Structure formats: structure tokens, C-alpha cells
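Here is the structure we will look at, set down as C-alpha cells.
The values are calculated or read from the model by the stated rules, or taken from the named source; none is laboratory data. What you are looking at is a predicted structure, and each value in this text was computed from that prediction instead of being measured. Glycine gets a Cβ as well: all are built from the backbone with ideal geometry, and neighbour counts include every protein chain shown. For the accessible areas, the whole protein counts, side chains as well, though only heavy atoms, and no ligand, DNA or RNA atoms are used. Shrake-Rupley method; radii C 1.70, N 1.55, O 1.52, S 1.80 Å.
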Amino acid sequence: MRRTGGSPLSRRINERVQEIKPSGIRKFFELVIGRRDVISLGVGEPDFQVPWNIRESMIYSLEKGWSSYTSNWGLKELREGIADYYKKFGVDVSYENVLITTGVSEGLDLALRALINPGDVVLIPEPCYVAYKPLTFLAYGEPVSIPTTPNFDINYDVLNRYSKFDPKILIINYPNNPTGVTYDKKTLEEIADFVFENDLIVISDEIYAELTYRGKHLSIASLNGMEDRTVILNGFSKAYAMTGFRIGYAIASDEIIQAMTKIHQYCMLCAPITSQIGALEALKLREEELDRIRAEYMRRRNFFVKRIGKVLEVRKPDGAFYAFPCIKDTGLSSEEFAERLLIEKGVAVVPGNAFGECGEGYVRCAYALEMERLKVAVERIVDFVESVKSK
Ligand code: PLP
């Protein structure tokens, strides 16, 4: 008997998976792979080497042949180290509330799956990191966007307009990808007021906490009453240039962290042991070393904003390594701008609409690039904008 027929395989794919679109960042990333003439301000990837003490600890662990699973929760010393480290951002928790994840990406997925029942509303201020909406949707939640352009600020009044959706979760990210905006204590207090009034849980993505240039990073979990209502997500990808090691963590109340760990133990078992060992070493990095990394990014930010600011409107980023200039004056859409800049000048940026509809009219430029190349890229952008505006 010939085994043919049946419904097309494409129709067997989960409906929600069929509906989500591929990431707008990856699309541009694929376009520039292998093109040596292109300078990429596209992907949010630090250009620093992983500090040597971190690499050395990982090499040592491999020489020793440490290749086993760890506890589902992660290495106890690492969890203790993270609980201690977070005191720096105003949060005092037990190591038992820390779960080691394979990057913030996994932490986000776990938090959403652990909290969402089908149809629950998740509020997402936009422009935002590309994973928030699709992962909410895949967890059978209903993402509701809160546009924040043109100044990218959120406060009590902005949020309060969304109470009518009967939300369950609010996702915040500061310093923010793609805008570079961070929140001061007053803003965090306003967010907390809204959270209490609406009985919400906050997922707080603090992956750029170490890369804060204005004031000091403060976790929203440190505010009165917020500890139990916050899932903190953080990791080692950005400040320590460990993107490929896939290592992060979540901090949450007993109930939430245990629920997240239930999922994690089945879908991941544990984060890679070599990366956990590297992370343990990363926590030993001296404050002066982090200051040096911050100062270098700040130098690049200052240069970028000053020069680009001559031709495009741009808000000075408070943190992370992204700027989000407005390109509306050029008369081009975000995608046209990014495509023409890539083809005509060999510079890759990401169209702002990849970060939500209200990001239309902007492009994201990652300035995590050594200064010499950054200067060339910026001059090419300036040339491009001037030539488009003069027509
Ligand atoms: N959250 C934000 C805001 C990001 O910008 C990124 C990566 O660009 C991630 C999460 C993913 O981080 P990880 O490498 O830890 O999965």
C-alpha cells in the first residue's frame, strides 16, 4: 500500500506558531552575514572579548572534564552569588528564589508560561524587545501594546489608560532595548502604584542594568511591597559579552519561581554547566572593570548622539547600547530607510517597526562597535540622510 495523502503538513502546525512572524532583527542580520563591506549597527552584540578570568575558569572546568547536569535550579554557589549581587540594585532575597536559566530568553518564556492562563492580558510598553509579544502569544496570552513614542516615557497616567483591559501582567525593560531609556525612582514608584491598583505581576527585564549611564540602576522589586509581585530577569549576555554562552537567571517569589522551575526542569533540565561556571567567575569581576566597560560605551554613545543629532532627532540614551533616532524627516519609512542605507552605504540598522508599530519612523542603531568603525558608519549615515533630504 502506498502511504500518500492526508492534510498538508503546514496545516498541522500550531495555529499560533503559524501566526507569529520571524524577528525583524534576524532578517537584517541574515542580509549582512558574510558581507565584509557592510558595517553592522544591527545586532545587539557587545564587541568586547569575554573578560579573561571568565574564559579561564571555563577552560579549567573543561580540562577537569566537568560536563554533567547540575541541579535543575543551577549551581548553589551561583544562586547564592546572584542573591548577593542583587543587593547592589536594592533587592535582598534568598538564593532559593533564584533560578539559573539559559539566558533571559528562557526566563521570559518560563515566566509567561508559568503565569498566563489562556486569554490573560499582558501589557507591553512599546517600542520593546522583539520577543515579548510572540512569547506572550505563544503562551496563549493576549498582548496589549502601550505606545510610548515620541518621548518613550511611561508613567501612571499613560498606564492607567490600559486598566480597562483587565490586565494580569506588565512587562517592563530598563534600560530599554531599543530606545536606551531607563526609569528613575519616581517613575518606578508610579509604575508600582499602577501595579498595585490593578493587582498585576511585573516581569522586569533588567538585562542592561550594568549598562546604566544616568544614575544607578534600581530594581522595581526593591520598592515597598513589590518584591512578591516582580519577576526579575537578568543575565550575563550583555555586560560580560557572554551572548553565546546562553546564561541568565530569574528571581521571584517562592510560588512563582517554583512554578517556573517546574517548566524549566522538563524543557531545559538545567543551564549548561560550563556557562554556569563562567557566570560564577563573572560575579567576581571588580567594579572598576565594569566601570571601564561602561565608560567605553558611554564614550561611543556621546559621539554617536552628537554627530547623528546634527541630521536626525535622537534622544540621548540613558543606558544599554542602542540609540533610536527618528527618521520621519527623510520622508522614508523605517524599512525603506534601512534597506536603502544598507544597499547604498553598506550600513545595517534595524527598522523601528520591528519593535512594535509605534516604532515606525525610527531606526535602531547599536553602537556596540569599536570607535573607528563606528565613526565610518556614522559618516555614511550622515551622508545618506543629507542626500535623501536634499532631494
Ligand atoms: N531582553 C532584552 C531586552 C534583550 O535586548 C535581549 C537580547 O538582545 C534579551 C532579553 C535576550 O537575552 P539573552 O541573551 O540573555 O537570552
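Computed values, structure above
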read-out: Qualifying positions in the range 122-142 - open to solvent by 30 Å² or more (accessible area, probe 1.4 Å) and either within 16 Å of the ligand (Cβ to nearest atom) or touching a residue at least 24 places away in the same chain (Cβ under 8 Å) (or both); value: Y129, V130, K133, P134, L135, F137, L138, Y140
read-out: Condition check for D153: in the same structural domain as S105 (by TED's automatic domain parsing), free of Cβ contacts under 8 Å to residues at least 12 places away in the same chain and either open to solvent by 30 Å² or more (accessible area, probe 1.4 Å) or in a loop (DSSP other than H, G, I, E, B) (or both); value: no
read-out: Residue tally, condition assigned to a helix (DSSP H, G or I), of a type in the set (A, V, I, L, M) and within 16 Å of the ligand (Cβ to nearest atom), over the range 86-121; value: 5
read-out: Enumeration of residues in the range 244-269 that are crowded, with 17+ Cβ neighbours inside 10 Å, in a loop (DSSP other than H, G, I, E, B) and more than 14 Å from the ligand (Cβ to nearest atom); value: A252, S253
read-out: Answer from G44, G74, G34 - the residue that is open to solvent by less than 90 Å² (accessible area, probe 1.4 Å), assigned by TED's automatic domain parsing to the domain that holds H264 and outside any helix (DSSP H, G or I); value: G74
read-out: Residues satisfying the stated conditions in the range 324-335, i.e. surrounded by 24 or more Cβ atoms within 10 Å (Cβ to Cβ) and either within 17 Å of the chain's Cα centre (by Cα) or more than 22 Å from T148 (Cβ to Cβ) (or both); value: F324
read-out: Residue list for the range 51-67, filter: crowded, with 19+ Cβ neighbours inside 10 Å and under 30 Å from A323 (Cα atoms); value: P51, I54
read-out: Selection from the range 284-297 of residues that are among the hydrophobic types (A, V, I, L, M, F, W, C) and crowded, with 17+ Cβ neighbours inside 10 Å; value: I293
read-out: Matching residues, the range 39-80, being under 30 Å from A354 (Cα atoms) and more than 16 Å from the ligand (Cβ to nearest atom); value: I39, Q49
read-out: Considering residues of the range 343-367 that are open to solvent by 10 Å² or more (accessible area, probe 1.4 Å) and among the aliphatic types (A, V, I, L, M) only, the residue modelled with the lowest pLDDT; value: I343
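Residues checked against (1) over 30 Å from G74 (Cα atoms); (2) open to solvent by less than 30 Å² (accessible area, probe 1.4 Å); (3) part of a helix (DSSP H, G or I):
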site	(1), (2), (3)
A271	no, yes, no
G278	no, yes, yes
R301	yes, yes, yes
R307	yes, no, yes
P317	yes, yes, no
F337	yes, yes, yes
E372	yes, no, yes
